Amino acid sequence: MTLNLPNILTILRLLAAPAVAIMFLYFNRPWADWFALLLFSSAALTDFLDGYLARAWGQETKLGAMLDPIADKAMVVIALVVITGFSGMNPWILLPATLIIFREVFVSGLREFLGDTAGTLKVTQMAKWKTTAQMIAIALLFATGAFEHYLGMQTFGMDAQTRDAVLTGDLPDELGLVWKYWGMMLSWYAGITGLWIAALLTLLTGWDYFRKALPHLKDS
């Protein structure tokens, strides 16, 4: 096995996947949200960087080819589980997250069954778009969690009328509630939109992989 810089970045991304969840065990929110966002975003960046460097430097290896998709799937699945948990099983997140996780398990099973012929399920351009949409949506939803927690802490004990008056500008915004509110709302809607786009691309790519694998699943 060759341990070059692209492979080291891939290994770090793989290790970052469980670390995202661990942030919520050792840090209080909203610090856990920010640390998870920073860790996830940094790891997502290496997803582009390790492949680019491996191709540019001619350092593509079997180890990298094996670990890269595992690291991607681990990052996405663990992050979705964490987000689904702190969102209170919100159906707008739970449903697309379920579709995404189901597809990842299904395609991984297909590749394992096909063995030597798994090369028929090469990563397509649409699958790359799917991964990009997932990464962006998850990062935005981590940001939503942070903004939401800040807003909740600073409005705790505040009656609804006072809070609404601050948000509408009728009372001075001494705590910066307005920008936290809009940060929460904008990241939420953008994140949910991105997650549903990712879920749609997930279904399309999953069907495409199944269609390509179908000839190899027929009994002789």
Inset, instruction - Any residue in region 47-70 that's at positive phi and buried (at least 16 other Cβ atoms within 10 Å of the Cβ): show its pairings with residues that are assigned to a helix (DSSP H, G or I) and at pLDDT below 75 at Cβ separation under 8 Å, as long as the two are six or more apart or on different chains. - result: none
Legend entry - Count of residues meeting criterion [in contact (Cβ under 8 Å) with a residue 12 or more places away in the chain and either over 28 Å from VAL82 (Cβ atoms) or open to solvent by less than 80 Å² (accessible area, probe 1.4 Å) (or both)] in region 132-162: 19
Inset, instruction - Would you please list the contacts, defined by Cβ atoms under 8 Å and residues six or more apart or on different chains, that run from a residue in region 76-100 that is of a type outside the set (A, V, I, L, M) to a residue that is not in a helix (DSSP H, G or I)? - result: THR84/ASN90; PHE86/ARG29
Inset, instruction - Kindly indicate whether PHE102 is among the aromatic types (Phe, Trp, Tyr) and modelled with pLDDT under 90. - result: no
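Conditions tested, residue by residue: (1) hydrophobic (A, V, I, L, M, F, W, C); (2) within 13 Å of the chain's Cα centre (by Cα).
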{"site": "THR61", "(1), (2)": "no, no"}
{"site": "ASP68", "(1), (2)": "no, no"}
{"site": "PHE86", "(1), (2)": "yes, no"}
{"site": "ASN90", "(1), (2)": "no, no"}
{"site": "ILE93", "(1), (2)": "yes, yes"}
{"site": "PRO96", "(1), (2)": "no, yes"}
Inset, instruction - Could you tell me which residue of region 163-176 is nearest to THR46 (Cα to Cα), considering only residues that are open to solvent by 30 Å² or more (accessible area, probe 1.4 Å) and assigned to a helix (DSSP H, G or I)? - result: LEU167
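The values are calculated or read from the model by the stated rules, or taken from the named source; none is laboratory data. Remember, it's a predicted structure, so these values are computed and weren't measured experimentally. For neighbour counting, all protein chains shown are included, and Cβ atoms are generated from backbone atoms with ideal geometry for every residue, glycine included. Remember, those area values only see protein heavy atoms, side chains included, never the ligands or the DNA or RNA. Shrake-Rupley method; radii C 1.70, N 1.55, O 1.52, S 1.80 Å.
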